[in-house]
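Peer 1: One structure is given below, represented as structure tokens, and several questions about it will come after.
The values are calculated or read from the model by the stated rules, or taken from the named source; none is laboratory data. Just so it is clear, the model here is predicted, and its values are computed rather than measured. FYI the Cβ positions are ideal-geometry reconstructions off the backbone, even for glycines, and counts take in every protein chain you see. Each accessible area value is taken on the protein alone, full model and side chains, heavy atoms only, with ligands, DNA and RNA left out. Shrake-Rupley method; radii C 1.70, N 1.55, O 1.52, S 1.80 Å.
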Amino acid sequence: MRRAILVAFLLAMALVPQVNASGGVIETISISGDGEIGEGPISLNITMTGVGGASSASVNWNVTLTDENGSIIDYDNGNVLVNDGSYSYVETTVGNAPLGYSNLSIVITGDVGTPGQGQYTNYSTIIQRLRPLEISVAEPTINPVDENGNPTGNFTVNDGDYAKIEVPIINSGDVPWNGSLNLSLDSIELGEQSVNISGDSTEIVSFTTQQLTEGIHFVNVSLNGTQDSDSSDDTFQSTFLVGPPPLPEIQLNLERITQPAPGNAMEWVLHANNTGESDFSGVLLCSIDGVEFFSNQVNISTGGYSNYTVSTNSKPGQVVCTTSGARTSSTTNATDSVQMISAIFVGAGHSTPSILGGPWHAGDDITLSLLLRNEGDAIGIAHLEIEIAGVTQDGPIISLDSGKAGEVSHSFSVASSGDKLVNWSIVSEDGVVDSNLSGSISIPVLDSQVIVFEIESVDVEDEGVLISWSAELSEGKDRLVYLKFGAIQDGLKSDAIVEERLLLPGITYGDVNIGFQDGQEVYIDLAEIEWTIGFSSFTDDEAQMPSFEINPQITVNPNTQPRVPSAGSKVTVYYTLTNIATGSVPQGQIVVTDASGEILGSDTSPEVISGSIDHSTVVNWPDGENVKISVTWYVGGKSVSDDVLVNSEKVESEDEGFEIPWGGILGGLALGMVVIFAVRIKNSPAREKKEKTSKSTKASTSKEEKIEVACPTCDRRLRVPNTYTGAVRCPECETKFDVEAKVETPAPEEKQQQEEKPKPSQDLFSSSDNDILGCPKCTRKLKVPYDKRPAKARCPACSTIFEARKG
């Protein structure tokens with residue numbers, strides 16, 4: 001009772017609807033003991049895993065083995081914790097499984113997840129335990145047959161009959177048996193036959209005897225091979241009785257109804273009488289000069305009489321009617337000799353057909369042709385008949401007047417290679433055929449030609465996608481084919497471009513442009529025209545569609561010509577045009593703008609076939625100290641741009657970033673004059689002229705020198721005169737702040753030159769994976785060749801010296 005309740009609970013749990021959830025599922029199940037001989041246990045190895053992010057999911061497992069009636073044989077259950085992405089293993093054994101079939105079910109409950117492809121939450125299968133081998137021989141059945149093994153229609157075996165002995169071999173177990181069966185008739189072995197019989201089945205093994213005589217005959221049957229537990233039923237002995245032969249006796253007679261005339265049919269009445277001891281069930285046949293023109297299945301009872309109408313086209317020859325298909329004690333044939341004026345066909349020059357169209361491969365058309373002449377006195381018709389491998393084929397009929405010649409032919413093919421024997425003959429329904437117009441011909445047929453059709457390369461040209469192909473045809477004949485080319489998009493082939501081509505043996509190369517088609521792949525197909533392709537041929541191929549999309553990229557060089565531009569001057573901006581896709585980039589448009597979007601210049605970009613090219617555009621330089629230049633490349637419906645910040649000479653004005661208080665400037669000038677006066681008094685008269693020139697130059701330099709100051713809000717660097725003291729305004733964030741003039745005491749010339757040399761910072765460096773990198777102090781972009789790094793670099797904007805390293 002408890003087991004029945006458990007089974008009901010498991011079935012109910014299996015029917016509960018499942019939703020997507022995390023938990024455990026059955027990943028794989030390995031079963032041992034299924035398909036083995038005899039009763040025995042069933043061992044299971046169950047692999048479980050977690051799904052849906054399961055963590056320490058508690059899964060209850062239940063294994064139940066039931067018989068064919070649903071009764072529980074054995075069961076087992078347990079619990080396992082599973083996690084998502086990891087496996088837990090359960091091993092258990094149930095049994096014993098009985099002989100025959102039983103049902104095994106596995107159900108998991110608890111924290112059960114939603115199973116994916118190939119996963120389970122419940123699983124069932126059928127277990128089979130094989131019955132041991134049980135082989136035996138049953139009583140043979142004996143039936144009368146004729147010399148061809150066909151039944152005679154009699155209920156008993158009679159004298160003169162042949163017998164077919166059928167021996168049943170019975171395998172009552174589930175294990176296949178392989179062996180042999182021996183049968184002897186009257187102590188004479190009829191041979192040994194191999195027997196391969198599967199489990200739980202019966203096989204009939206047949207033996208045909210020689211012609212039997214009246215009397216009792218003895219049959220002995222024995223099995224040879226693996227024995228079962230009971231060998232008493234591996235042999236069998238029996239006897240059967242052969243009675244006297246009751247046979248029909250047929251008498252045939254022909255009665256001519258119409259007389260022969262060229263072009264007309266002749267008719268006869270065929271009389272058949274059975275005077276034998278048994279019914280006749282067979283075939284009546286009539287032929288003229290060996291060519292059959294009448295065949296009819298008949299049944300004539302003992303003492304019976306039947307009439308049949310037979311006819312054929314009028315032609316001279318000997319007509320013979322007889323019986324076939326049934327044994328008779330005797331048959332009296334019916335005959336008639338026909339004499340008339342008719343066509344007479346002979347070979348015109350040759351009496352053997354010519355073989356046309358060689359060499360021949362399997363599947364090719366083979367044509368036999370023969371020239372005939374009608375040497376008779378009347379018009380007649382004839383055709384070529386062939387027989388190959390038991391199959392008869394007739395060629396087209398021709399009609400020849402008396403004294404005329406014509407060609408008879410027939411085309412056929414064979415599916416396999418080798419030397420083929422073809423029997424041929426000339427057949428005429430209304431004329432006489434020369435006895436030499438028949439015979440046999442051996443035709444050598446080669447293997448079908450093999451062809452390999454492949455894609456050599458796929459390229460993109462200006463007109464579209466170019467597919468280069470090769471077709472290798474094995475030795476033999478020239479072949480006509482259809483070649484098809486196209487694109488594949490999402491697994492669907494586009495309409496093909498079809499080309500008809502004659503291929504010569506060897507390798508043929510070609511190419512075809514399919515234009516610009518959408519798709520991920522290109523394909524080629526080959527179809528033969530009226531010939532058969534050999535095994536191991538390759539008639540189609542696919543390849544990746546090359547990308548003919550463009551992917552432009554522009555990189556602006558921070559170095560201009562001149563290096564430090566000034567407002568209103570003509571400046572050359574350098575940049576690199578690159579296509580990182582495989583297609584060629586057509587001509588486009590280059591537009592150079594400043595930070596406000598004002599166009600400074602434009603140019604036509606050249607075509608980029610592959611890789612990258614350097615180009616430049618001359619622009620009118622705008623006002624500003626640090627000018628942001630944007631270069632935009634418009635090409636192929638796309639646009640890309642790059643920016644660069646260029647340090648340039650600025651024309652100071654009230655609108656450019658700061659206001660100059662004149663009081664401060666005058667004060668600074670007065671202070672400068674005092675300093676200069678003091679220096680002149682200090683210097684000796686001998687050096688006055690030299691110092692005057694030097695200091696005049698230095699004073700001018702000091703007056704014109706600009707220094708960098710940083711905006712305290714946005715860190716934007718502004719260049720202001722070193723003699724200026726007062727407020728400035730940041731053009732970036734509009735913040736106003738104060739600066740003070742910096743006047744340095746003049747130093748000796750040699751010392752000043754040493755101090756003017758910029759010293760590299762030991763701690764500053766910058767790196768990148770290309771030729772362009774940024775200044776570590778002011779982030780200005782500059783170009784340092786990648787292959788020359790590590791190297792020292794000087795920023796043109798802030799004069800910082802740093803180390804350029806490889807990224």
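Peer 1: Are any residues in segment 578-623 in contact (Cβ under 8 Å) with a residue 40 or more places away in the chain and either in contact with a Lys or Arg (Cβ under 6 Å, 6 or more places away or on another chain) or among the basic types (Lys, Arg) (or both), and if so, which ones?
Peer 2: The one that is in contact (Cβ under 8 Å) with a residue 40 or more places away in the chain and either in contact with a Lys or Arg (Cβ under 6 Å, 6 or more places away or on another chain) or among the basic types (Lys, Arg) (or both): 618.
Peer 1: Please list, ordered by first then second residue, the pairs with beta carbon atoms under 7 Å, 6 or more apart or interchain, first in segment 125-149 and acidic (Asp, Glu), second crowded, with 17+ Cβ neighbours inside 10 Å.
Peer 2: Close Cβ pairs (under 7 Å, with a partner that is crowded, with 17+ Cβ neighbours inside 10 Å) amount to 134/171; 134/173; 134/228; 139/236; 146/152; 146/162; 146/327; 147/162.
Peer 1: Here's something else I'd like to know. From the set of residues in segment 125-161 that are of a type in the set (Asp, Glu) and surrounded by 16 or more Cβ atoms within 10 Å (Cβ to Cβ), which is nearest to the chain's Cα centre (by Cα)?
Peer 2: Among those that are of a type in the set (Asp, Glu) and surrounded by 16 or more Cβ atoms within 10 Å (Cβ to Cβ), it is 134.
Peer 1: Suppose we keep only residues that are open to solvent by less than 30 Å² (accessible area, probe 1.4 Å) and in contact with a Phe, Trp or Tyr (Cβ under 9 Å, 6 or more places away or on another chain) within segment 418-438. Which one would you say is nearest to residue 391 (Cα to Cα)?
Peer 2: Per the stated criteria, the residue is 422.
Peer 1: Quick check, is residue 47 open to solvent by 50 Å² or more (accessible area, probe 1.4 Å), within 37 Å of the chain's Cα centre (by Cα), at pLDDT 90 or above and within 16 Å of residue 105 (Cα to Cα)?
Peer 2: Against the criterion (open to solvent by 50 Å² or more (accessible area, probe 1.4 Å), within 37 Å of the chain's Cα centre (by Cα), at pLDDT 90 or above and within 16 Å of residue 105 (Cα to Cα)), residue 47 does not qualify.
Peer 1: Determine which single condition residue 204 fails, assuming it passes every other condition in (1) of a type in the set (A, V, I, L, M, F, W, C); (2) open to solvent by less than 60 Å² (accessible area, probe 1.4 Å); (3) in a strand (DSSP E or B).
Peer 2: Of (1) of a type in the set (A, V, I, L, M, F, W, C); (2) open to solvent by less than 60 Å² (accessible area, probe 1.4 Å); (3) in a strand (DSSP E or B), only one is false for residue 204: (2).
Peer 1: Let me ask something else. Give segment 517-544 a look and list any residue that's over 16 Å from the mean Cα position of the chain (by Cα), crowded, with 16+ Cβ neighbours inside 10 Å and closer than 18 Å to residue 460 by Cβ, or say none.
Peer 2: Passing the criteria: 517, 519.
Peer 1: Among 78, 24, 95, which is open to solvent by less than 70 Å² (accessible area, probe 1.4 Å), farther than 15 Å from residue 129 by Cβ, part of a strand (DSSP E or B) and touching an Asp or Glu at 6+ places or on another chain (Cβ under 7 Å)?
Peer 2: Numbers: 78 fails: touching an Asp or Glu at 6+ places or on another chain (Cβ under 7 Å); 95 fails: farther than 15 Å from residue 129 by Cβ.
Unique residue meeting the criteria: 24.
Peer 1: When you check residue 773 against the structure, is it aliphatic (A, V, I, L, M), under 21 Å from residue 643 (Cα atoms) and at pLDDT 70 or above, yes or no? Spell out how you get there, then give the answer.
Peer 2: Working: aliphatic (A, V, I, L, M): yes; under 21 Å from residue 643 (Cα atoms): yes; at pLDDT 70 or above: yes.
It is true that residue 773 is aliphatic (A, V, I, L, M), under 21 Å from residue 643 (Cα atoms) and at pLDDT 70 or above.
Peer 1: Residues that are touching a residue at least 24 places away in the same chain (Cβ under 8 Å) and within 51 Å of the chain's Cα centre (by Cα): list the strands (runs of 3 or more DSSP E) wholly contained in segment 297-399 that include at least 3 such residues.
Peer 2: Counting at least 3 such residues, we get 366-374, 380-388.
Peer 1: Just to be sure I understand, how many residues within segment 406-432 are of a type in the set (Gly, Ala, Ser) and under 9 Å from residue 383 (Cα atoms)?
Peer 2: 3
Peer 1: So, in segment 327-361, exactly how many residues are in contact with a Gly (Cβ under 7 Å, 6 or more places away or on another chain) and more than 21 Å from residue 430 (Cα to Cα)?
Peer 2: 5
Peer 1: Here's something else I'd like to know. Pick from segment 208-232 the residues that are more than 28 Å from residue 175 (Cβ to Cβ) and open to solvent by 90 Å² or more (accessible area, probe 1.4 Å): which of them is nearest to the chain's Cα centre (by Cα)?
Peer 2: Here the residue is 210.
Peer 1: Sticking with this one: Which pairs turn up if I take residues in segment 487-507 that are open to solvent by 90 Å² or more (accessible area, probe 1.4 Å) and look for partners that are assigned to a loop (DSSP other than H, G, I, E, B) with beta carbon separation below 7 Å, at least 6 apart in sequence or on another chain?
Peer 2: Short answer, once both residue conditions are applied: 502/478; 504/478.
Peer 1: While we're on this one: Does residue 245 qualify as being surrounded by 15 or more Cβ atoms within 10 Å (Cβ to Cβ), in a loop (DSSP other than H, G, I, E, B) and either touching a strand residue (DSSP E or B) at 6+ places or on another chain (Cβ under 6 Å) or basic (Lys, Arg) (or both)? First the steps, then the outcome.
Peer 2: Values: surrounded by 15 or more Cβ atoms within 10 Å (Cβ to Cβ): yes; in a loop (DSSP other than H, G, I, E, B): yes; either touching a strand residue (DSSP E or B) at 6+ places or on another chain (Cβ under 6 Å) or basic (Lys, Arg) (or both): yes.
Judged against the criteria, residue 245 is a match.
Peer 1: Does residue 166 fit the bill of being open to solvent by 60 Å² or more (accessible area, probe 1.4 Å) and more than 21 Å from residue 100 (Cα to Cα)?
Peer 2: no
Peer 1: Let me ask you something else. Considering only residues of segment 400-416 that are in contact with a strand residue (DSSP E or B) (Cβ under 6 Å, 6 or more places away or on another chain) and in a loop (DSSP other than H, G, I, E, B), which is farthest from residue 290 (Cα to Cα)?
Peer 2: Per the stated criteria, the residue is 414.
Peer 1: So, residue 514, is that one at pLDDT 85 or above and open to solvent by 30 Å² or more (accessible area, probe 1.4 Å) or not?
Peer 2: No; evaluated as a whole, the condition is false for this residue.
Peer 1: Name every residue in segment 608-629 that is assigned to a strand (DSSP E or B) and open to solvent by 20 Å² or more (accessible area, probe 1.4 Å), in order of residue number.
Peer 2: Result: 612, 613, 614, 615, 616, 618, 620, 626, 628.
Peer 1: Going through 362, 343, 326, 334 one at a time, which residue ends up being among the small types (Gly, Ala, Ser), surrounded by 16 or more Cβ atoms within 10 Å (Cβ to Cβ) and in contact with a Cys (Cβ under 6 Å, 6 or more places away or on another chain)?
Peer 2: None of the other options fit; the residue is 334.
Peer 1: Ok, one more. In segment 580-596, which residue that is more than 30 Å from residue 466 (Cβ to Cβ) and in contact with a strand residue (DSSP E or B) (Cβ under 8 Å, 6 or more places away or on another chain) is surrounded by the fewest Cβ atoms within 10 Å (Cβ to Cβ)? Show your work before the answer.
Peer 2: The first filter runs over segment 580-596 and keeps only residues more than 30 Å from residue 466 (Cβ to Cβ), leaving 590-596.
Now drop any that are not in contact with a strand residue (DSSP E or B) (Cβ under 8 Å, 6 or more places away or on another chain), which leaves 590-595.
Values: 590: 22, 591: 17, 592: 23, 593: 20, 594: 17, 595: 14.
My answer is 595.
Peer 1: Which one of the conditions (1) open to solvent by less than 30 Å² (accessible area, probe 1.4 Å); (2) within 52 Å of the chain's Cα centre (by Cα) does residue 192 fail to meet, given that it meets all the rest?
Peer 2: The failed condition is (1).
Peer 1: Here's another thing I want to ask about it. Given the residues 279, 289, which is the only one that is at pLDDT below 95, touching a strand residue (DSSP E or B) at 6+ places or on another chain (Cβ under 8 Å), of a type in the set (Asp, Glu) and closer than 22 Å to residue 392 by Cβ?
Peer 2: Exactly one of 279, 289 is at pLDDT below 95, touching a strand residue (DSSP E or B) at 6+ places or on another chain (Cβ under 8 Å), of a type in the set (Asp, Glu) and closer than 22 Å to residue 392 by Cβ, namely 289.
Peer 1: Could you please give the count of residues in segment 101-124 that are open to solvent by 20 Å² or more (accessible area, probe 1.4 Å), closer than 19 Å to residue 67 by Cβ and either hydrophobic (A, V, I, L, M, F, W, C) or in contact (Cβ under 8 Å) with a residue 60 or more places away in the chain (or both)?
Peer 2: Summing the residues that are open to solvent by 20 Å² or more (accessible area, probe 1.4 Å), closer than 19 Å to residue 67 by Cβ and either hydrophobic (A, V, I, L, M, F, W, C) or in contact (Cβ under 8 Å) with a residue 60 or more places away in the chain (or both) in segment 101-124 gives 2.
Peer 1: Which of the following residues is of a type outside the set (S, T, N, Q) and closer than 17 Å to residue 645 by Cβ: 792, 806, 788, 783?
Peer 2: 783
Peer 1: Same structure again: Which ones in segment 630-649 are closer than 29 Å to residue 708 by Cβ and outside any strand (DSSP E or B)?
Peer 2: The answer is 648, and nothing else.
Peer 1: Let me ask something else about it. Among the residues of segment 273-296, how many are over 60 Å from the mean Cα position of the chain (by Cα) and closer than 20 Å to residue 153 by Cα? Don't jump to the end; show me each part of the working.
Peer 2: The initial filter retains those residues of segment 273-296 that are over 60 Å from the mean Cα position of the chain (by Cα), namely 273-280, 288-289.
Pick out the ones that are also closer than 20 Å to residue 153 by Cα and you get 273-280.
Residues in segment 273-296 being over 60 Å from the mean Cα position of the chain (by Cα) and closer than 20 Å to residue 153 by Cα: 8 in total.
Peer 1: Also: What number of residues within segment 394-416 satisfy the criterion of being open to solvent by less than 50 Å² (accessible area, probe 1.4 Å) and closer than 30 Å to residue 447 by Cα? Let's see the steps before the verdict.
Peer 2: At the first step, the residues of segment 394-416 found to be open to solvent by less than 50 Å² (accessible area, probe 1.4 Å) are 395, 398, 400, 406, 408-410, 412, 414.
Imposing the further condition that a residue be closer than 30 Å to residue 447 by Cα reduces the set to 395, 408-410, 412, 414.
Adding up the residues that qualify gives 6.
Peer 1: So is residue 320 at negative phi and open to solvent by less than 30 Å² (accessible area, probe 1.4 Å) or not?
Peer 2: Criteria not met by residue 320.
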